[in-house]
Amino acid sequence: MGHNHDEAPVLDALARYHDADELGFSPPGHKQARGADPRARAVLGDAVYLGDVLASGGLDDRLSRGEVLERAEELMADAVRADHTFFSTCGSSLSVKAAMLTVTCHGRGLIVGRDAHKSVIAGLILSGVEPVWVEPEWDPERRLAHPPSAAAYEKAFTEHPEADGALVTSPTPYGTAADLRGIAEVCHRRGKPLIVDEAWGAHLPFHDALPSWAMDAGADVCVTSIHKMGSGLEQGSVFHLQGDLLDPAELASRADLLGTTSPNVLLYAGIDGWRRQMVQHGHRLIDDALRLADRTRADIEKIDGFHVNDADDFCGPGRAAAFDPLPVVMDIESLGTTGYRAADWLREHHRLDMHLFDHRRISAQLTHADDEQTADRLLTALRDLADHADALRSAPRVDVPAPAELRMTQARLPRDAYFEPHEDVPAHHAAGRVAGEMITPYPPGIPAVLPGERLTEPVLRYLTTGVAAGMNLPDAADPRLKTVRVLAE
C-alpha cells in the first residue's frame with residue numbers, strides 16, 4: 001500500500017480532539033490546562049497541557065480503533081526502510097532493554113561492545129544475561145574509544161558460539177561509526193541477530209553523505225533517539241525491526257513489559273512531526289547542516305589552541321569505519337585546560353551548553369536546527385575562551401590510564417553483583433574488591449565501572465582525579481567518590 005507522508009496521524013488526531021471540543025472525565029487531572037497552576041502555565045505555555053491527552057480514551061477511542069499510533073509507526077517504518085517500527089516514550093534506554101530482552105534471556109549470553117551506554121548495562125542487570133565483552137578500537141594517542149571492529153565480533157563469536165546475538169553502539173557520542181555491514185555479516189553467517197544502539201543516529205537515514213544507518217546495513221533491531229539528533233522531544237525514541245530472526249510481537253511485548261501504561265502523547269507527536277519533516281525536507285535540511293558544519297569546523301581550526309577532530313583523526317585501520325561531522329569534537333589539549341573547565345567557563349560567560357566534555361575535549365553538537373547566527377555565537381565564545389586560556393590553566397589534570405589498564409576483569413555477573421549485599425569502602429582501599437555499582441562519567445554515559453568488575457588502582461585513580469577535575473558521576477552511591485560501593489566480604 002502507498003503511504004501518504006503528508007499525514008501526521010498523532011498531530012492530526014490532536015487537532016481533531018480540540019476541534020471536536022472533547023471533554024475528558026479521565027486523566028490527566030489538569031483537564032486541558034484548566035486545573036494547572038497559573039504560574040506553571042506561564043512558564044510552560046498552555047500548548048504543553050493541551051497536547052497532554054490520554055492516548056487511548058482521548059487521542060484515540062478506548063479500543064484504539066482509529067489506529068492513530070499504529071499508522072504513525074507504519075509511516076515511520078516506511079520513511080526509514082524498516083519492516084516494523086515501535087514508538088517509545090521512555091527514551092532509547094527503554095528501547096535498548098526491550099531489544100536485548102527479545103534477543104536473549106536470563107542465563108544466556110550476548111556479545112556486547114564494552115563502550116556500551118549505561119542503559120545496556122541496566123539491561124544486563126535486569127535480564128541476568130552474561131555479557132561477552134568486545135573491546136572498542138582504542139586510540140591511545142587521543143585516549144578515546146571508537147566502536148569495536150567486525151573482526152572483534154568474529155573473534156568473540158568464535159570463542160562463544162553459544163551467544164544469542166550481538167549489540168554494537170554506533171555512532172558513538174563522538175560521531176564515529178562502526179562497520180555495521182561487516183558486523184551484521186558476522187552475526188547473520190551464524191543466524192544470530194544484531195542490535196544496534198543508534199541513539200545518536202536519528203538523522204542518518206535521510207542523507208547519503210552520512211554513515212550508513214543500521215537498517216540499510218542489515219541490522220535486525222535498531223534503537224534511535226529522536227530527541228538527540230532529530231526534532232523530537234526529550235525521551236522520544238523509536239526502535240525498528242527487519243528480517244525474520246526476531247518476532248515483532250515478542251519485541252512489542254518486551255517493550256510493553258518495561259514501558260509506561262501512560263505514554264505522553266506530546267512525545268508521540270514530536271516523533272510523528274519529525275518523520276514528516278524529514279521525509280519532505282530532510283535531505284535539504286541535513287545538506288544545509290553539513291555545509292554549516294564544514295564552515296564552522298574550518299573556522300574553529302583557525303583558533304589558537306583548538307584542533308577539530310575530523311575523519312583523518314577518527315577513521316582508518318584500528319579506528320572507526322565512518323564519521324558524522326555534525327558533532328563538532330574539539331581537542332583543546334594545547335590550551336592547557338580540561339573540557340570540564342572549558343565547558344563551565346562557556347556556560348558562565350557565554351550561556352553556551354556543550355554537548356560533551358572530557359579530560360581534553362569539548363564538543364558542540366550541530367543539527368538541522370543550527371544556522372549562521374548560532375554558529376557565529378559559538379565561534380565568538382570559543383575565540384573568547386582561547387583569549388582567556390591563561391585563567392583556565394590551573395585546571396586539575398585527569399590521570400587517564402592506557403587502554404589496557406582501563407579494562408577490568410568481570411569477576412561476577414552484572415546482575416549478581418548488583419543485587420548482592422554491598423558495603424561502602426574508602427576509594428583508596430577499594431582496589432581488588434568487586435564493584436557493586438555502576439560508575440558512569442556523564443557525558444557521554446559510558447560506565448567506567450560495572451557491577452561485578454574487580455576494581456583496579458588505575459581505574460580508581462582515573463575516576464578520583466576525574467572528580468577532582470570536574471567529572472560528573474551521577475549514578476555512583478557517592479558522586480564525590482570518597483567511598484565506593486563493593487560486594488560485602
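For every residue, the table says whether it meets (1) buried (at least 17 other Cβ atoms within 10 Å of the Cβ); (2) not hydrophobic (A, V, I, L, M, F, W, C).
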| residue | (1), (2) |
| --- | --- |
| Asp353 | no, yes |
| Arg360 | yes, yes |
| Thr374 | no, yes |
| Leu385 | yes, no |
| Ser394 | no, yes |
| Arg397 | no, yes |
| Val400 | yes, no |
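Here is a list: Arg347, Arg291, Arg319. Which entry is within 30 Å of Arg81 (Cβ to Cβ), at pLDDT 95 or above and not hydrophobic (A, V, I, L, M, F, W, C)?
Details: Arg347 fails: within 30 Å of Arg81 (Cβ to Cβ); Arg319 fails: at pLDDT 95 or above.
From the options Arg347, Arg291, Arg319, the qualifying one is Arg291.
Six or more apart or on different chains, Cβ atoms under 8 Å: show the pairs whose first residue is in the stretch 373-393 and without any contact (Cβ under 8 Å) to a residue 60 or more places away in the chain and whose second is of a type in the set (Ser, Thr, Tyr).
So the pair list comes out as Leu392/Thr337; Arg393/Thr337.
For the structure I just gave you, tell me whether Ser64 is surrounded by fewer than 19 Cβ atoms within 10 Å (Cβ to Cβ), small (Gly, Ala, Ser) and out of contact with any Pro (no Cβ under 6 Å at 6 or more places or on another chain).
Working: surrounded by fewer than 19 Cβ atoms within 10 Å (Cβ to Cβ): yes; small (Gly, Ala, Ser): yes; out of contact with any Pro (no Cβ under 6 Å at 6 or more places or on another chain): yes.
Taking the combined requirement at face value, the residue satisfies it.
Here is a list of conditions, (1) assigned to a strand (DSSP E or B); (2) under 25 Å from Trp138 (Cα atoms), and Leu460 meets all of them except one; can you say which number that is?
Unmet for Leu460, out of (1) assigned to a strand (DSSP E or B); (2) under 25 Å from Trp138 (Cα atoms): (1).
So which residues in the stretch 251-288 are acidic (Asp, Glu), farther than 22 Å from His3 by Cα and at pLDDT 95 or above?
Residues satisfying the conditions are Asp287, Asp288.
Within the stretch 212-227, restricting attention to residues that are surrounded by fewer than 23 Cβ atoms within 10 Å (Cβ to Cβ) and in contact (Cβ under 8 Å) with a residue 40 or more places away in the chain, which residue is nearest to Ala82 (Cα to Cα)?
So, considering only residues that are surrounded by fewer than 23 Cβ atoms within 10 Å (Cβ to Cβ) and in contact (Cβ under 8 Å) with a residue 40 or more places away in the chain, the one nearest to Ala82 (Cα to Cα) is Asp216.
Restricting the stretch 438-472 to residues that are surrounded by fewer than 21 Cβ atoms within 10 Å (Cβ to Cβ) and of a type in the set (D, E, K, R), which is farthest from the chain's Cα centre (by Cα)?
Glu457
Would you pick out the residues in the stretch 12-58 that are within 30 Å of the chain's Cα centre (by Cα), part of a loop (DSSP other than H, G, I, E, B) and surrounded by 14 or more Cβ atoms within 10 Å (Cβ to Cβ)?
Within the stretch 12-58, Pro28, Gly51, Asp52, Val53, Leu54, Ala55 meet the criteria.
I need the full set of residues from the stretch 389-417 which are more than 28 Å from the chain's Cα centre (by Cα) and either at pLDDT 95 or above or part of a helix (DSSP H, G or I) (or both), in order please. Before you say what the answer is, go through the steps one by one.
Step one: filter the stretch 389-417 for residues more than 28 Å from the chain's Cα centre (by Cα), giving 389-396.
Within the stretch 389-417, Ala389, Asp390, Ala391, Leu392 meet the criteria.
The values are calculated or read from the model by the stated rules, or taken from the named source; none is laboratory data. These figures come from a predicted structure and were not determined experimentally. Backbone-built Cβ (ideal geometry, glycine too); neighbour counts: all protein chains shown.
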